[in-house]
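Visitor: Below are the structure tokens for one structure; questions will follow.
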Amino acid sequence: MSEDAPMDIDYVANLARIELSDEEKTTYQKQLGDVLKYFEKLQELKVDGVEPTAHAFPRYNVWDQDESKKGFSALEALKNAPQSRQDQVVVPKVIEE
């Protein structure tokens, strides 16, 4: 990002669904600009021949075997529910017709 093209912090805040004060906008605009400058610096690294990895160290067989276990009964599962009816949790309606 060049110095003469300021980041549109209002656009970024809208994407993040946050409201920022004018002071926060000034602070975050500089911080986000610094992050982007760091990414530009990372672009200079020579990574030819480096295999992509998901972890810093190889990981093998990290999953436990699937074993069936006794679950909760309906009564146990609904014990802490604020309301229940016909072995189901009752929740407020969230879809308008």
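Every number here is computed from the coordinates shown, using simple stated rules; none is lab data. Everything quoted here is computed from the prediction, not taken from an experiment. Counting neighbours? That spans all protein chains shown, and the Cβs are built from the backbone with ideal geometry, glycine included.
Visitor: Most mobile of Ala77, Ala54, Ala16 per a Gaussian network model of the chain (Cα springs, under 10 Å)?
Guide: Comparing Ala77, Ala54, Ala16 in a Gaussian network model of the chain, the most mobile one is Ala77.
Visitor: Angle, helix 22-42 long axis vs. longest principal axis of the chain, Cα atoms, 0 to 90°, nearest 10?
Guide: Approximately 80 degrees, to the nearest 10.
Visitor: If you add up the charges near Glu24, with Lys and Arg at +1 and Asp and Glu at -1, over every other residue whose beta carbon is less than 14 angstrom from its beta carbon, what do you get?
Guide: Within the 14 Å Cβ shell, the charges total -2.
Visitor: Where in the chain is the longest stretch that carries no trypsin sites (Lys or Arg not before Pro) classed as loop by DSSP and with at most 15 other Cβ atoms within 10 Å?
Guide: The longest uninterrupted stretch comes out as 18-45.
Visitor: Could you list Glu67, Glu76 in order of exposure, starting from the residue whose Cβ has the fewest other Cβ atoms within 10 Å?
Guide: Glu67, Glu76
Visitor: What are the residues whose amide H is under 5 Å from the amide H of Ser84, where those residues sit 5 or more places off or on another chain and H is modelled from the backbone?
Guide: Under 5 Å from the amide H of Ser84: Val90.
Visitor: If the reach is capped at under 18 angstrom between alpha carbons, list the lysines near Lys46, excluding any in the same chain fewer than eight residues apart.
Guide: Straight-distance partners of Lys46: Lys37.
Visitor: Identify which of the listed values of P(r) over Cα pairs in 10 Å bins from 0, in percent was calculated from the structure shown: (1) 10, 18, 14, 19, 24, 15, 1; (2) 14, 36, 17, 11, 10, 8, 4, 1; (3) 18, 57, 23, 2.
Guide: (1)
Visitor: For Lys93, list the lysines whose Cα falls under 29 Å from its own Cα; do not include residues on the same chain fewer than 8 positions away.
Guide: Output for Lys93: Lys79.
Visitor: Of the residues Gln86, Gln29, Gln65, which exhibits the maximal mean-square fluctuation in a Gaussian network model of the chain defined by a 10 Å Cα contact cut-off?
Guide: Result: Gln86 has the largest fluctuation of those listed.
Visitor: Here is a follow-up. Show that you can apply the helix-only estimate: for the chain, add -39,500 (n - 2.57) for every DSSP H stretch of four or more residues, divide by all residues, and state [θ] at 222 nm to the nearest 500.
Guide: -10500 deg cm²/dmol
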